[in-house]
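Novice: Below: one structure in structure tokens.
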Amino acid sequence: MISIIIPFYNESESLPILTDQLIDVMNKIKKEYEIILIDDGSTDAYASKLIIKSEELKIIKHKKKLGKGRALKTGLENSKGDIIVFMDADLQDDPKDIRNFLKKIDEGHDFVNGIRANRQESIIVKTYSKIASWFLRTFLHSPFTDINCGFKAFKKEVLNDFSFYGNNFRFFPLAAYLSGNKVSEIAVINNKRKFGKTKFGKSKIFIGILDTLTAYFLFKFSEKPLHFFGIIGAILFLVGFLVSLYLAIERIFFGVLLYQRPLLQLGILLIIIGIQVVMTGIIGELVVFLNKKTNN
Ligand code: UDP
Ligand code: MG
């Protein structure tokens, strides 16, 4: 069974068109399916336009806007399929591509992500998105060309090693890959938004940068935080130590009085910060250790 999970927030114009197209495509595929629409606290009157014509169509509501990540999670919790498709409600993704996704899964892939070759976005967002994908490819060996593409399909078992929280749906593909799933990509159509505006606004890029850094940190260091904090702390400490050593040598052998050396403050500051950063790493290690112990 295929579960198509679609979060939406104020997409009343797009929804009826999308559901018609989807039902049409899915009926041709001739496999059991369900379409789960998650209303992420919409404030418009979409219900008046959306006539539920199909038994396969379900709507689940959030009482208020909880974000796309939570909406996807709600959809998953209410899904029955062994193959899951994620897509947007704004008609930017084309239901016709679902067939290609399913073909790839039939060929034996566990996770298939879209590539929006002709992405309809501002040049700034597109450039940022390319840089983020490049960063993750270079530093985390991500195999994805367009990691931010929301259109994707995967086998349900991929979720065994992943739990959705906050904004981490953005690096779900990478998590799937890093936990050993067979991943693949296909080109998808990306239409211009016909109705309404993007729901993420201008903060998208800034939040995107934070998400990319979070992904980098979590995948690389979540099991060994001291490797991250330890190196940074040690470098700070070492610089502080060398500065202080230099001042001490001047004081002892050349009689330069310390009150004449403002550099002393920097030396002390770096030593203290260095120790604190290393300590943060040690506490991180303790958290990981205790967490493992309680989970086993
Ligand atoms: N969305 C949502 N909750 C949110 C933000 C977005 O359910 O808090 C939905 C939105 O209605 C759309 C999808 O997530 O179906 C993608 O959002 P959008 O098209 O605004 O993102 P963009 O394509 O601009 O990245
Ligand atoms: Mg969109």
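A short reminder: the numbers here are calculations on the coordinates, not readings from a lab. Note that this is a predicted model, so its numbers are computed, not measured. Neighbour counts run over all protein chains shown; Cβ positions are idealised from the backbone, glycine included.
Novice: Tell me which residues come under 5 Å, amide H to amide H, from Asn190 once H is placed; ignore anything under 5 positions away on its chain.
Specialist: The list, which skips near neighbours in sequence, is Asn118.
Novice: In whole Å, what three semi-axes, largest first, describe the equivalent ellipsoid of the chain built from its Cα gyration tensor (square root of 5 times each eigenvalue)?
Specialist: Whole-Å semi-axes of the equivalent ellipsoid: 49, 21, 18.
Novice: Suppose every K and R has +1 on its Cβ and every D and E has -1 on its Cβ; what is the size of the dipole of the stretch 147-296 about the Cα centre, in Debye to the nearest 20?
Specialist: I would put it at about 980 debye.
Novice: Residue by residue, what Karplus-based ³J(HN,Hα) values in Hz, rounded to whole numbers, does the stretch 29-38 have, using 6.51, -1.76 and 1.60 with θ = phi - 60° and x for Gly and Pro?
Specialist: In residue order, the calculated couplings are 5, 6, 10, 5, 8, 9, 10, 10, 9, 10 Hz.
Novice: Under a point-charge model restricted to the Cβ atoms of Lys and Arg (+1) and Asp and Glu (-1), what is the dipole moment magnitude of the chain relative to its Cα centre, in debye to the nearest 20?
Specialist: Dipole magnitude for the chain comes out near 440 debye.
Novice: Further question on the same structure: Quick one: which residues, 5 or more positions from Glu185 or on another chain, have an amide H under 5 Å from its amide H? H modelled 1.01 Å from N in the peptide plane, none for Pro or chain starts.
Specialist: Asn113
Novice: Which whole-Hz couplings ³J(HN,Hα) result when phi for each residue of the stretch 127-136 is put into the Karplus expression 6.51 cos²θ - 1.76 cosθ + 1.60, θ = phi - 60°, listed in order with x for Gly and Pro?
Specialist: With the stated coefficients, the stretch 127-136 comes to 5, 4, 4, 5, 5, 4, 4, 5, 4, 5 Hz.
Novice: Is there a pair in Lys64/Lys156; Lys28/Lys104; Lys152/Lys292; Lys68/Lys197 whose C-alpha atoms are over 20 Å apart, and which pairs would that be?
Specialist: Lys64/Lys156; Lys152/Lys292
Novice: While we're on this one: Hey, what do the phi angles of the stretch 82-95 turn into as Karplus ³J(HN,Hα) couplings, whole Hz, using 6.51/-1.76/1.60 and θ = phi - 60°, x for Gly and Pro?
Specialist: 9, 10, 10, 10, 9, 8, 8, 8, 8, 6, 6, 8, 9, x
Novice: Post the alpha-carbon centroid distance, the stretch 191-246 to the stretch 29-81, in whole angstrom.
Specialist: 33
Novice: Around Lys152, which amide H atoms from residues at least 5 apart in sequence, or from another chain, sit under 5 Å from its own amide H, with H modelled in the peptide plane?
Specialist: Answer set, sorted by chain and number: Phe86.
Novice: While we're looking at this one, here's another question. Nearest 20 debye, what's the magnitude of the dipole of the stretch 5-88 about its Cα centre given +1 on Lys and Arg Cβ and -1 on Asp and Glu Cβ?
Specialist: 280
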